[in-house]
1. Might you let me know whether region B:31-51 holds any residue that is of a type in the set (D, E, K, R) and surrounded by 12 or more Cβ atoms within 10 Å (Cβ to Cβ)?
2. Search region A:89-117 for residues that are in a helix (DSSP H, G or I) and pair each with any residue that is among the aromatic types (Phe, Trp, Tyr) when their beta-carbon atoms are under 9 Å apart and the residues are at least 6 apart or on different chains.
3. Which of the residues belonging to region B:57-86 are aliphatic (A, V, I, L, M), farther than 30 Å from A:ALA63 by Cα and modelled with pLDDT under 90?
4. Between residues in region B:13-24 that are more than 7 Å from chain A (Cβ to nearest Cβ) and residues that are modelled with pLDDT of 90 or more, which pairs lie under 8 Å by C-beta distance while being six or more apart or on different chains?
5. Pull out all pairs, ordered by first then second residue, where Cβ-Cβ is under 7 Å, the residues are six or more apart or on different chains, the first lies in region A:228-240 and is farther than 19 Å from A:LEU252 by Cβ, and the second is assigned to a loop (DSSP other than H, G, I, E, B).
6. Identify the residue in region B:26-41 that is among the aliphatic types (A, V, I, L, M), closer than 21 Å to B:ILE72 by Cβ and without any contact (Cβ under 8 Å) to a residue 24 or more places away in the chain and, among all such residues, is farthest from the other protein chains (Cβ to nearest Cβ).
7. Exactly one of (1) outside any loop (DSSP other than H, G, I, E, B); (2) surrounded by 15 or more Cβ atoms within 10 Å (Cβ to Cβ); (3) at pLDDT 50 or above is unmet by A:LYS130. Its number?
8. Suppose we filter A:ALA86, A:ALA103, A:ALA48 for residues that are modelled with pLDDT under 90 and buried (at least 19 other Cβ atoms within 10 Å of the Cβ); which single one remains?
Amino acid sequence: MSYLRTNFPSVLGTFTDISIQQLLLLTNEKRQENGLPSLTINDNLSQAALSKASDMLGKDYWAHNSPDGTPPWVFIRGAGYNYIYAGENLARGFNNAPDVINAWMASEAHRKNMLSSNYQNVGFAVSTGKLSGEDTVLVVEFLGSTTYAPPAVAKEPEKPATVAVVPGSPATVAKIDTETLGAQKADSSKPKVIVANSLPQVKPLVNSQTLSLVSIRLIMFMFILAFILDMMIVERKKVIRFVGHNLDHLFLFSLVLLIIIILARGVII
Amino acid sequence: MHKKLKTHKGYYLSLLTILVLGLLLTFLATPDFILQVIIILVTIFFYVFWGILHHLLNHELTPRIMIEYMLIGLLGISILFFAHMGGLI
């Protein structure tokens, strides 16, 4: 497999059918279903998301904060997006955009992030690379706004000039104080609305991850089938055996197969 | 096989319970991967232990049987290990 991957990257490789356009479309569909305005792609947020994805792959971690304690907001600010509100959703191991969006929608904290009226902009990054030695697909979603959402302004009390991060949430939300609001508003007077850009990608003929997954399931099915056939033959031919607890092993292999099927789904944080 | 199932109904039911419980706990432990690994290893250990104990109490326990259960347990762990190393789970 590694020989094929190295020498014939167009035949075997890790690719994903997740497109930024599709993620944006599905996110906005969910927001519209819930009576919320659509989000617009912001190139600064997209750049921040790309930086975060590269940082995770480069430093080999899977978390909102990097191992040196860098929070996601550093990437957002670093990309020149002066947020009032910001949020981050992460996903890995998914093969298509609807699965990513559905997984986020199924999680209370991620759903809140996606359906927050505080956000006006969104930036996505879809990166493939190695995480803990595994080929994986990372999806980073940064949500943000550079102005106060009208309903939130009336309810928000004034707070000291510090960045506050809501702890304990898988998809954390950051908010800055009202004192810097003036500057943020000036910045946001011209919101950048651009079409999501994606780099041209060579799509290999066979997705190595899908191939591996199908192969391992096939092997498991073959094991299970072998146990069943062996059981049937021994029963019919009345063969005397000293070992061979096929039914027990059938149960165990079914468990292993189910674990592979269940855990093969992507993960979100 | 039907006779075997009837005779050792209690054993097979308890074995299924252990495995189903293991699967359920593995699912519930998401996204804590370390906890999932511990649950899977404990479940497979119980599978081996339960099989050996059953033979010790109800049949004649021979080294062959012990090796059979241990090898199958190891095979299960190996499959999951390589599936993880290959980035599948």
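1. Checking region B:31-51: not a single residue is of a type in the set (D, E, K, R) and surrounded by 12 or more Cβ atoms within 10 Å (Cβ to Cβ).
2. Once the first residue is in a helix (DSSP H, G or I) and sits in region A:89-117, its partners that are among the aromatic types (Phe, Trp, Tyr) give A:VAL100/A:PHE94; A:ALA103/A:PHE94; A:HIS110/A:TRP104; A:ARG111/A:TRP104; A:ASN113/A:TRP104; A:ASN113/A:TYR119; A:MET114/A:TRP104.
3. Once the filter is applied, which keeps residues that are aliphatic (A, V, I, L, M), farther than 30 Å from A:ALA63 by Cα and modelled with pLDDT under 90, region B:57-86 yields B:LEU57, B:LEU61, B:ILE65.
4. Cβ pairs passing all conditions: B:SER14/B:TRP50; B:ILE18/B:THR43; B:ILE18/B:PHE46; B:ILE18/B:TYR47; B:ILE18/B:TRP50; B:LEU21/B:THR43.
5. Going by the 7 Å Cβ cut-off, the qualifying pairs are A:GLU235/B:MET1.
6. Here the answer is B:ILE38.
7. It fails just one condition, (2).
8. Details: A:ALA86 fails: modelled with pLDDT under 90; A:ALA48 fails: modelled with pLDDT under 90.
Result: A:ALA103 is the single residue among A:ALA86, A:ALA103, A:ALA48 that is modelled with pLDDT under 90 and buried (at least 19 other Cβ atoms within 10 Å of the Cβ).
The values are calculated or read from the model by the stated rules, or taken from the named source; none is laboratory data. Everything numeric in this text was worked out from a predicted model, so none of it was measured. Ideal geometry is used to build each Cβ from the backbone, glycine not excepted, and the neighbour counts take in all protein chains shown.
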